[in-house]
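Just below is one structure, and these are the notes that go with it.
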Amino acid sequence: MNPPRILVIHGPNLNLLGTREVDVYGRVTLKEINLLLGREAALLGVKLKIVQSNHEGKIVDLIGEARGSFKGILINPAAYTHTSVAIRDALLAAALPTVEVHLSNIYKREDFRKQSLTAPACIGQVSGFGKDSYILGLKGLKASLDLDKVRIKMGKRPTK
Ligand code: DQA
């Protein structure tokens, strides 16, 4: 059987990790995060497609095209988390199991970061564990896909 495919989306400015606001995000680069994700994916038996974009419309397009090709989405919408009705609506329309991740704890920062417009369209959110938010998010997403497989085999509806 082919491994389930998961779409990983990094939102705006995450290409600058490593040099960007290191007090908040640390010195880990996006390339390192992607390598760690690749290693974890191999352990979990999933296949990743990883994309970074600074453009809201591009992210909406990626989510819109994901149905049919991917079993789930792991997304750090970055600043769009707090502003993008379009990305939230795209996630709701795609109706794929999705996990939202953030390097920083968005609830410990400025008030405008405490609201996520996108999280209500997700199974769950991991926030505040730095690069490990991605690893934990991927594990959570895989566990949820496994549970759904078992439920479908038993003739039950998926959890979400
Ligand atoms: C972030 C948190 C957002 O508030 C911010 O705009 C980002 C990164 C995080 O991973 O901690 O760009 O999503």
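Along its first, second and third principal axes, ordered by size, segment 5-153 spans 47, 32, 25 Å in Cα coordinates. The candidates 70, 112, arranged from most to least accessible area with a 1.4 Å probe in the full protein assembly, appear as 112, 70. With respect to the chain, whose longest principal axis is taken over its alpha-carbon atoms, helix 30-44 is tilted by about 20°. Residue ranking by accessible heavy-atom surface, 1.4 Å probe, largest first, among 7, 145 comes out as 145, 7.
A 1.4 Å probe run over the protein chains yields, for the chain, 54 Å² of accessible area per residue, whole-number rounding.
An ellipsoid equivalent to segment 87-129, defined through the eigenvalues of its Cα gyration tensor, has semi-axes of 21, 12, 6 Å when rounded to whole angstrom and sorted largest first. The helix-based estimate of mean residue ellipticity at 222 nm for the chain, built from -39,500 (n - 2.57) per DSSP H run of four or more residues and divided by its residue count, is -12500 deg cm²/dmol to the nearest 500.
The solvent-accessible area of residue 152, taken with every protein chain present and a 1.4 Å probe, is close to 100 Å². Note on surface exposure: 154, 1 rank 1, 154 by accessible area, highest first, 1.4 Å probe. So which lysines can residue 153 reach, going by Cα to Cα under 25 Å and dropping same-chain residues fewer than 8 places off? Reachable lysines: 47, 71, 139, 142.
The values are calculated or read from the model by the stated rules, or taken from the named source; none is laboratory data. Every value quoted in this text rests on a predicted model; they were computed, and no experiment measured them. Accessible surface areas use protein heavy atoms only, side chains included; no ligands, DNA or RNA. Shrake-Rupley method; radii C 1.70, N 1.55, O 1.52, S 1.80 Å.
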